[in-house]
Amino acid sequence: MLEVIRSDFVRTARAKGVKEKVVVFVHCMRNAMIPVITVIGMNFGFLLGGTIITEQVFAINGVGRLMIDAIADRDFPMVQGSVLLVASLFVIVNLIVDIVYAFIDPRISYD
């Protein structure tokens, strides 16, 4: 946010007489949210990996526990299906992050 506030377009908006609240929320916040959304999308992958460990440690039934039990039982179709499910979730979250980029920053367009 501090880097965006020092940008030329923010200085120009202030010189035009735009209210400070509008400058911060419209101009600065939209540009500062792009790295935050990127980190949220990347952390989702770590969350999926942590879910498997958490389900095993606390004996919670879920996809992670299903994967571990399928690996222990050598149930390869179940392992493939659960890995496909987790990978699909990760791809969908990354797609949503890319779509949100286009809404936040008008300079980003997908043709």
Of the candidates Val24, Phe90, Thr54, the farthest towards the positive dipole end of the chain (Lys/Arg Cβ +1, Asp/Glu Cβ -1, centred on the Cα centre) is Val24
Putting +1 on Lys and Arg Cβ atoms and -1 on Asp and Glu Cβ atoms, find which of Ala13, Asn43, Ser109 reaches farthest to the positive end of the dipole of the chain.
-> Ala13
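For n ≥ 4 DSSP H runs only, could you compute -39500 (n - 2.57) per run for the chain, divide by its residues and tell me the 222 nm figure to the nearest 500?
Values: 5 runs with 80 residues, N = 111.
When only DSSP H runs of four or more count, the value is -24000 deg cm²/dmol.
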Dipole magnitude of the chain about its Cα centre (Cβ charges: Lys, Arg +1; Asp, Glu -1), debye to nearest 20 | 800 debye
Efficiency of FRET from Cβ geometry, Asp8 and Val100, R₀ 35 Å, rounded to 0.05 = 0.90
Max mean-square fluctuation residue, GNM over the chain, Cα-Cα springs under 10 Å, options Thr51, Thr38, Thr12 = Thr12
Euclidean distance between Cα centres, segment 29-45 to segment 1-18, Å = 22 Å
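What are the trypsin sites (Lys or Arg not before Pro) within segment 1-39 that DSSP puts in a loop, where the Cβ has at most 16 other Cβ atoms within 10 Å?
For trypsin sites (Lys or Arg not before Pro) across segment 1-39 that sit outside H, G, I, E and B with at most 16 neighbouring Cβ atoms in 10 Å, the list reads Arg6, Lys16, Lys19.
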Given the options Val100, Val22, Val91, which has the most mean-square fluctuation in a GNM of the chain, springs set between C-alpha atoms less than 10 angstrom apart?
-> Val22
Stokes-Einstein D in µm²/s, Kirkwood radius over Cα pairs - the chain at 20 °C with 1.002 mPa s viscosity = 125 µm²/s
With axes computed from alpha carbons, what is the tilt in degrees of helix 29-57 against the longest principal axis of the chain, rounded to the nearest 10 within 0 to 90?
-> 10 degrees
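Rule-based calculations on the coordinates, nothing more; no lab input. Just so it is clear, the model here is predicted, and its values are computed rather than measured. A quick note on method: Cβ atoms are made from the backbone with ideal geometry, for glycine too, and the neighbour counts reach across all protein chains shown.
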